[in-house]
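The values are calculated or read from the model by the stated rules, or taken from the named source; none is laboratory data. Values in this document were obtained by computation on a predicted structure and should not be read as measured data. Every residue, glycine among them, receives a Cβ derived from its backbone with ideal geometry; neighbour counts consider all protein chains shown. Accessible surface areas use protein heavy atoms only, side chains included; no ligands, DNA or RNA. Shrake-Rupley method; radii C 1.70, N 1.55, O 1.52, S 1.80 Å.
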Amino acid sequence: VGVSRPQVLRVLFLEDEPDDVILVRRELEQGGFTVETERVENRTELARALESGEWDLVLADYNLPGFSANEAVRMVRDAGGETPVILISGSIEEEMAVSAMRAGYHDFISKGRLARLVPAVERELREATERRKHAAVRRELRASETRFRELAEYIDDAFWISTPDKSRMLYVSPAFKEIWGIAPDILYEDPLRWLESVEPEDREGVDAVLPKQARERCEFQYRIRRPDGEVRWIWDRSFPIRNGEGEVVRIVGVAEDITNRITLEEQLRHSQKMEAVGRLAGGVAHDFNNLLTVIGGRTELLLADVPEGSPLREDLDEIRRAATQAASLTRRLLAFSKRQILQPRQIRVESVVGEMERMLQGLVGDSLGLEVELSDAPGFIRADPGQLEQVILNLVVNAREAIQGHGTIRIRTGRGTEGPGTPNPGRETITLQVSDDGEGIPDEVKRRIFEPFFTTKEEGTGLGLSTVFGIVDQAHGRVDVVSEVGRGTTFTIHFPAES
């Protein structure tokens, strides 16, 4: 018969005539079934029977006192599963039979023609098995879709699926908005709309990769500019998905925001370069300082022997001034390379700034304003006072030279706590801030301002800010720079607070 029969056929009868159950059961047994039955005849009994067990087959009479056959089949359906329900009745009009079939019965058999029962049961068991298989597939598909959405919608990377020709976007995860700053819905209207965000310098490389995505796995890196102006680095990976015949049916891709990683790599390279230059500068400065000691000492001896008014005295004074300036330069080199002998102690930043205020006012001049705002809750740091003075002096000089015409330099001190993403999150700090409303620093220059010997001025050694960096780093602090062309610059130094 082509059907795998259950070892025991469990049949639930909805029937108010026990003799009819005996006749139907005998017909099933003669057809080769081993039958286990239970008879119910009202709504309450049916509900209990459906709740208490799993049934292979439900056979229901149409005419039951106070209980309709259509209501019975709805109860079976609501109980779940794919149990076949066959209507068996002694007399039923054609219109009622059609109504019952529409309500959910799988077949109708007259009690006077039970010969059709066994073939009908075998067919319904076979179809029920297929329905269960299909239901299992649907459940697994829904579970798979749920897992996919949980994965795609909660990871930080943007996940997408498109047709092979990219004419239609099939799915874009919510992370796209977090990275691009644009609602993913626009990609369903125009799958290539995201290309408008790619930085012009990277567009050619991106355009070269796109045609390859339907043929092979692709990995490429580029920058985007969000609507708020922020630039982010993206690492894009895509994979063609093929069917059993090897045809590409869709493309799956993941776009990862790697901005933080790129920034850390740049910081590491910069730190390594600064360390190498520092070692070189320190060694040169140390040897050069020894030579300057000899030059300065011999110049002083010669000056002692040359009388006032001698033409040689003016030349010797010039040599002494040059040696003094060179000695100052070597001290800055040694400070940058961390080889200068220091005398760190507990000091208050506010005290050092206060003592320097009059001198700084003279340095700034009459055309510029100087505003000093000292914290009401000062704290201690551990540093060399002379080096801290040098930091303040260098930053103020740098601010003065950044202002064309009139402007204001502001010095502020305060307390703070290192935030997430910093080398020491949660650490209490004492801050020193020097800001100006000068011309600002372009991005391409800002990346290099702490490099030794780098300068944009016609005159200068390029050691001012590199010395600041070296001194602050030696005190286990860090320097933040915020600058915008035409809107000034702010240097903020974070020193670890001393208890």
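Give me the pairs, please: first residue somewhere in the stretch 213-240 and assigned to a loop (DSSP other than H, G, I, E, B), second residue anywhere and among the hydroxyl-bearing types (Ser, Thr, Tyr), beta-carbon distance under 9 Å, and either six or more positions apart or on two chains.
Arg217/Ser238; Arg226/Ser197; Pro227/Ser197; Glu230/Thr259
Can you report the number of residues in the stretch 423-438 which are open to solvent by 20 Å² or more (accessible area, probe 1.4 Å), within 25 Å of Leu374 (Cα to Cα) and either hydrophobic (A, V, I, L, M, F, W, C) or outside any strand (DSSP E or B) (or both)? Before the answer, list the steps.
Just the residues of the stretch 423-438 that are open to solvent by 20 Å² or more (accessible area, probe 1.4 Å), to begin with: 423-428, 431, 433, 437.
Now narrow it down to the ones that are within 25 Å of Leu374 (Cα to Cα): 424-428, 431, 433, 437.
Next, only the ones that are either hydrophobic (A, V, I, L, M, F, W, C) or outside any strand (DSSP E or B) (or both) stay: 424-427, 437.
Counting residues in the stretch 423-438 that are open to solvent by 20 Å² or more (accessible area, probe 1.4 Å), within 25 Å of Leu374 (Cα to Cα) and either hydrophobic (A, V, I, L, M, F, W, C) or outside any strand (DSSP E or B) (or both) gives 5.
Rundown of residues vs (1) part of a helix (DSSP H, G or I); (2) hydrophobic (A, V, I, L, M, F, W, C); (3) loosely packed, with under 12 Cβ neighbours inside 10 Å; (4) modelled with pLDDT of 80 or more, yes/no style:
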{"residue": "Gln272", "(1), (2), (3), (4)": "yes, no, yes, no"}
{"residue": "Val277", "(1), (2), (3), (4)": "yes, yes, no, no"}
{"residue": "Gly296", "(1), (2), (3), (4)": "yes, no, no, no"}
{"residue": "Ser351", "(1), (2), (3), (4)": "yes, no, no, yes"}
{"residue": "Glu357", "(1), (2), (3), (4)": "yes, no, no, yes"}
{"residue": "Leu360", "(1), (2), (3), (4)": "yes, yes, no, yes"}
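For the stretch 439-484, give me each residue that is open to solvent by 50 Å² or more (accessible area, probe 1.4 Å), acidic (Asp, Glu) and either modelled with pLDDT under 80 or under 31 Å from the mean Cα position of the chain (by Cα) (or both).
Asp443, Glu444, Glu458, Glu459, Asp473, Asp480, Glu484 - these are the residues of the stretch 439-484 that are open to solvent by 50 Å² or more (accessible area, probe 1.4 Å), acidic (Asp, Glu) and either modelled with pLDDT under 80 or under 31 Å from the mean Cα position of the chain (by Cα) (or both).
Please specify each residue of the stretch 149-208 satisfying the condition of being among the hydrophobic types (A, V, I, L, M, F, W, C) and part of a strand (DSSP E or B).
Applying the first criterion (among the hydrophobic types (A, V, I, L, M, F, W, C)) to the stretch 149-208 yields 151-152, 155, 158-161, 169-170, 172, 175-176, 179-180, 182-183, 186-187, 192, 194-195, 198, 206, 208.
Selection gives Ala158, Phe159, Trp160, Ile161, Met169, Leu170, Val172, Val198.
Which of the residues belonging to the stretch 56-76 are touching a strand residue (DSSP E or B) at 6+ places or on another chain (Cβ under 8 Å) and either among the polar types (S, T, N, Q) or loosely packed, with under 14 Cβ neighbours inside 10 Å (or both)?
Within the stretch 56-76, just Asn63 meets the criteria.
Of the numbered conditions (1) at pLDDT below 85; (2) surrounded by fewer than 13 Cβ atoms within 10 Å (Cβ to Cβ), Asn42 satisfies every one except a single condition; which is it?
(2)
Would you please name the residue that is farthest from the chain's Cα centre (by Cα), looking only at residues in the stretch 106-119 that are modelled with pLDDT of 80 or more and buried (at least 16 other Cβ atoms within 10 Å of the Cβ)?
The qualifying residue farthest from the chain's Cα centre (by Cα) is Leu114.
Please go through the stretch 373-410 and pick out each residue that is among the aliphatic types (A, V, I, L, M), within 23 Å of Gly477 (Cα to Cα) and either loosely packed, with under 15 Cβ neighbours inside 10 Å or touching a residue at least 40 places away in the same chain (Cβ under 8 Å) (or both).
Of everything in the stretch 373-410, those that are among the aliphatic types (A, V, I, L, M), within 23 Å of Gly477 (Cα to Cα) and either loosely packed, with under 15 Cβ neighbours inside 10 Å or touching a residue at least 40 places away in the same chain (Cβ under 8 Å) (or both) turn out to be Ala377, Ile381, Ala383, Leu388, Val391, Ile392, Leu395, Val397, Ala399, Ile409.
Restricting attention to the stretch 241-264, report how many residues are in a strand (DSSP E or B) and open to solvent by 30 Å² or more (accessible area, probe 1.4 Å).
Adding up the residues that qualify gives 7.
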